[in-house]
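This report refers to the structure that appears directly beneath it.
Every read-out reported here was derived from the displayed coordinates using simple, explicitly stated rules and does not represent laboratory data. What you see is a predicted model, and the numbers here were worked out from it, not measured in a lab. Virtual Cβ from ideal backbone geometry, glycine too; neighbours counted across all protein chains shown.
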Amino acid sequence: MASAKGIEAANTIRVSDMEKMSVDQLRVLKEQSDIEVNLLQDSLNKIRTAATRLEIASTALHDLSLHPQGKKMLVPLTASLYVPGILDDAKKVLVDVGTGYFIEKTMAEGKDYCERKINLLKSNFEELVEMTSKKKSVADDLGLILHAKLRQSSPSS
Amino acid sequence: MAAAPALRELQRDIETQASALSKVQKDIAKNHQVRKQYTIQLGENELVLKELDILSEGANVYKLIGPVLLKQDLAEARANVRKRIEYISAELKRLDGTLKDLEGKQNSKQEAVLKVQQRIQALQTGKSKS
């Protein structure tokens, strides 16, 4: 909340200061803003990819739980090498929680883990979308005022 | 005539100051890089700790060490992750202090460069007048 207000304040300060700044300063600021916007959009894409992968994992889990023990399957050893095998125990799954730790969970807990992670990513995504749109509006404002100043200075020179 | 060697000296001065400034700036950039890495690791470890904490006591935890998956005691795993979090937080704080130092040095170097520049300009305008 405080940081959002800070961003609002920074935005309003910029609009009034922008009029006073020289073309060069505006250009530098606009470049910085553009770089920031690109970075944020990059992060947005990464989060979207991660969320999609988690959803695929969740679907795969669900699929796995539907099949009985002893069912024949193909196990991937590499990206192009599969080996025939038998489904052993689909009631327990090993979940990679990060930094090299794996936790044994039941199928339901595994699905729950995926859900939780997906929700976490979704909320991060929304926060980022908000920030990105704010930064983009600042960058757009900078661009408009820069163009206006350039037009002002060129007929006079 | 007397101004020319003084000018050269000032130019050498500004070169040394400028290279010192760029070195400080490189150090600051490296600091940011290392801080970013540590922050990411800290976030990951905190997630792991959250997962470990909500586990019931009987659950099995395994750690991947190289190509080997080893069974770990839940309490031990929690303690390890907590220790790692403490270590990373301490490192981050230390880096924060170093960063402040470096930023102070950067500012003073920038001022020094500016002063030498002003002296060079004054000298050059003095020479052109005479």
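Laid out as a table, the results:
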read-out	value
Rounded to 10°, Cα long-axis angle of helix A:2-20 versus longest principal axis of chain A	30
Degrees separating the helix A:107-156 axis from the principal Cα axis of chain A, which is the longest one	20
Rounded tilt (10° steps) of B:3-53 against the dominant C-alpha axis of chain B	10
Value of [θ]222 nm, deg cm²/dmol, for chain B, DSSP H segments ≥ 4, -39500 (n - 2.57) each, nearest 500	-31000 deg cm²/dmol
Cross-link partners of A:Lys149 among aspartates and glutamates (Cα-Cα below 15 Å; sequence separation of 8 or more within a chain)	A:Asp17, A:Glu19, A:Asp24, A:Asp140, A:Asp141
q = 0.11, 0.16 Å⁻¹, the protein assembly as shown: log10 I(q)/I(0) [Debye, one scatterer per Cα]	-0.96, -1.37
Label point distance in nm, B:Ala29-B:Leu69, each placed 7 Å from Cα along Cα→Cβ	4.2
Residue-averaged 222 nm ellipticity for chain A, from DSSP H runs of 4+ at -39500 (n - 2.57), nearest 500	-26500 deg cm²/dmol
All aspartates and glutamates inside 17 Å of B:Lys63 as judged from Cα atoms, apart from same-chain residues fewer than 8 positions distant	A:Asp96, A:Glu104, B:Glu44, B:Glu46, B:Glu51, B:Asp53, B:Asp73, B:Glu76
Charge tally in the Cβ shell below 15 Å around A:Leu44, where Lys, Arg are +1 and Asp, Glu are -1, A:Leu44 excluded	+1
Residues B:Ile54 and A:Gln69, FRET efficiency given R0 of 41 Å [Cβ-Cβ distance, rounded to 0.05]	0.90
Net +/- balance of residues flanking A:Gly70 in space, Cβ distance below 15 Å, scoring K and R +1, D and E -1	+1
Whole-number percent relative contact order across region B:3-129, with pairs defined as alpha carbons under 8 Å at least 6 apart	43
Charge context of A:Ile86, other residues only, Cβ under 14 angstrom, K/R +1, D/E -1	0
Amide H partners (placed H, <5 Å) of B:Asn60, local residues excluded	A:Glu104
